[in-house]
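The values are calculated or read from the model by the stated rules, or taken from the named source; none is laboratory data. Here the structure is a predicted model, which means the values were calculated and not measured. Here the Cβ positions follow ideal geometry from the backbone for every residue, glycine too, while neighbour counts run over all protein chains shown. Calculation scope for accessible area: heavy atoms of the full protein, side chains included, ligands and nucleic acids excluded. Shrake-Rupley method; radii C 1.70, N 1.55, O 1.52, S 1.80 Å.
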Amino acid sequence: MAPEDSLATRHRSLADPSITYPLEPAPTAGCSETSTDEIQYPVGVDYDYDAVDTELFDPTGSTWETPGLERWQPLLPPLAADTLGEGNTPLLPVDDLAEWLGFEAWLESAGESTDDGGPDRAVFLKDESQNPTWSHKDRLNRCTVSAAVRESAAGVVASSTGNHGAAAAAYAARAGLPCVVFTAPQTPAAVQAFIRSYGAVVLAVDDIDVRQEAVDRLTETYGFHPVSSRTAVHTGHAWGPEGYKTIAYELYCQFGGSVPGTVVIPTCYAELLYGVWKGFRELEGLGVVDRTPRLVASEPGVRAPLCHALESGAEVAHVEAEPTEAYSIKATTSSVRGLRAIHESDGLAVGFSELHLEAAQHGLARTGFWQESSGAAGIAGLRALVDVLEGECAEDDSVRAVTADGNALEAGTLELEAPVAVVATSSGFKDGAALPGDRMWEADDRREDSEGRHRSVGGWFQAPAVDPTWEAIREALESHDGVPV
């Protein structure tokens, strides 16, 4: 489909739905009429829903599996930026992880029974690391860079510590636009080189406020198009979450014309969470489905601003910048979108521990899925939720689950509806190194690095040197369990 097939009509304020803005130019700093110094509100894209042909969602159709978001063009802003083949990421059962998670007792329905009467494939992984730059951010940047193309921008600018910057650089390069990415000095060197490989100018600036000021100056003075948030309370680019809602469309098709019971999503400023929710809400509004899933927002428990917002009843919560390994989702401020998604989906916000995160990343890798620490956050949150339901986290106040009405979830009080789809957001390469070695499991043998992330003392894994003889190689192999020599 072509950009002219878009049924997008305008933007609407999330704070006051009666306030609307033209579709173009795309707003990049939220709703100017309702935002204040204390809180800024996003805007979202409206469509002519009456004109949507619901055959678009036919899971037996021949086109939906084609990579590229064009398949969904009627319900996206005009896609003027060329595709890199984003979307249509695999949905795969993770039976081994389901057993490790141990939450069969908390499932309302675990699908069809197997021959032995057990649950059949209750947990699935939506692997967003299979996108062109190996993260979910490709969906967002296909849309946001399209706005830059349509507005004949001088270039694209972003502030990012990894995934977003790489995707912005790639889609800008594909569109023939210059790209500038401001990052933190602590961003892994491999990730900085990755962003630079697309031809972007990458500058490391050790002050997030100064990075933001630089984005604003390039936007307002030099005609660059900003594809990252420009406001203190995250509002982001109005077209960004539209790319994320295609995950909901794909899940509907991949589950054979139905929606999962529960969807677990790593959460920072909740653009992904809200985008996926908007997709499910559209499916229901168009009459394609008669129900929507419960969303579970998964956050580092040492921060967890969305948990705090739900608990306090505040529209936006601010938290201390406690150290976490999940550096891609280390928000200190919640967002309007996040609260909206949890309230409307009767969802949950879950705070996981750093040990939950380590175990989840390790477990995914041993199952064949190498995710960065933040990419494994959905599995970490699911395990934390099980611990809450089983009453096993009383001694760790970073682990908690908060309901949509702001109450702490109590042990034994919730059943999750299966199947459960967990979104895994990005490749383990984005951590800048391989998984830590065996010492990662020693909880007392950890320290903070300069970015406030916990690392295992002893550093990253390095293969042991072995004498160049078969006898030495066999002796080394014999020291490893599971290698039959």
Worksheet item: Can you tell me the Rg and the Dmax, both Å, for the Cα atoms in the chain?
Response: 22.1, 77
Fill in: Paired Rg and Dmax values of segment 274-336, which use every Cα atom, in angstrom
14.7, 44
Worksheet item: Where only protein heavy atoms count, and the probe is 1.4 Å, what is the accessible area per residue for the chain in Å²?
Response: 40
Worksheet item: For the chain, which whole percent of the accessible surface, found with a 1.4 angstrom probe, sits on carbon and sulfur atoms?
Response: 47
Worksheet item: Using mean Cβ contacts within 10 Å as the protection proxy, how do 227-240, 177-190, 359-372 order, highest first?
Response: 227-240, 359-372, 177-190
Worksheet item: Roughly speaking, what is the centre-to-centre gap between segment 212-291 and segment 49-90 when only Cα atoms are used, to the nearest Å?
Response: 15
Item to complete: Can you tell me the FRET efficiency between E55 and A154 if r is taken as the Cβ-Cβ distance and R0 is 30 Å, rounded to the nearest 0.05?
Response: 0.15
Worksheet entry | In sequence order, calculated HN-Hα J values of segment 221-234 (Karplus, 6.51, -1.76, 1.60; Hz; x Gly/Pro) | 9, 10, x, 6, 9, x, 10, 10, 5, 10, 10, 4, 8, 4
Worksheet, complete the sentence: Sequence order, segment 27-43: Karplus ³J(HN,Hα) from phi using 6.51 cos²θ - 1.76 cosθ + 1.60, θ = phi - 60°, Hz rounded, Gly and Pro as x, gives x, 10, 9, x, 8, 5, 7, 10, 5, 10, 5, 7, 8, 10, 10, x, 10
Worksheet item: Given H placed on each backbone N at 1.01 Å, which residues far from R400 in sequence or on other chains put an amide H within less than 5 Å of it?
Response: G351
Fill in: Sites E38 and A465, calculated FRET efficiency, Cβ-Cβ separation with R0 51 Å, nearest 0.05
0.30
Worksheet, complete the sentence: With DSSP loop assignment and no more than 13 other C-beta atoms within 10 Å, the GluC sites (Glu not before Pro) in segment 40-87 are E65
